[in-house]
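The values are calculated or read from the model by the stated rules, or taken from the named source; none is laboratory data. Computed from a predicted structure; not experimentally measured. Positions of Cβ are generated from backbone atoms using ideal geometry, with glycine treated the same way; all protein chains shown enter the neighbour counts.
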Amino acid sequence: MSQLIPPETKDLTPAQMEQVFTQVSQFFSMLAEPLRLKILFILCSGEKSVNAVMEQAGSSQANVSRHLTALYRAGILARRKEGVTVYYSIGDEATLGICQGVCARVVEEMKT
């Protein structure tokens, strides 16, 4: 069990660990939305405009924009503006890795 404990946490107080647990919970709640995961999947192939994400996601611009903004504010996505067009890309490769790992596990479970 001790091998699973991240070394970065070894010197933290119980109060600091409570803060860690709260922030990790908030992080996972950010990802606990199917459309947000779909958006991450869409952006895996590279930067896309809001309109391109909207078309591929099959959702309204207002809904997609709301989720893109939430993911951007959480530091998961990066964005840039060119004229009136806003482009989004993956800003946090670690988050992408977590999502890809979990998706791979679910796919494997579906096959059995």
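Below are the figures for this structure:
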| item | result |
| --- | --- |
| Residue 30 being under 11 Å from the mean Cα position of the chain (by Cα) and at pLDDT below 95 | yes |
| Residue list for the range 69-97, restricted to those being within 18 Å of residue 26 (Cα to Cα), among the hydrophobic types (A, V, I, L, M, F, W, C) and touching a residue at least 12 places away in the same chain (Cβ under 8 Å) | 70, 71, 74, 76, 77, 96 |
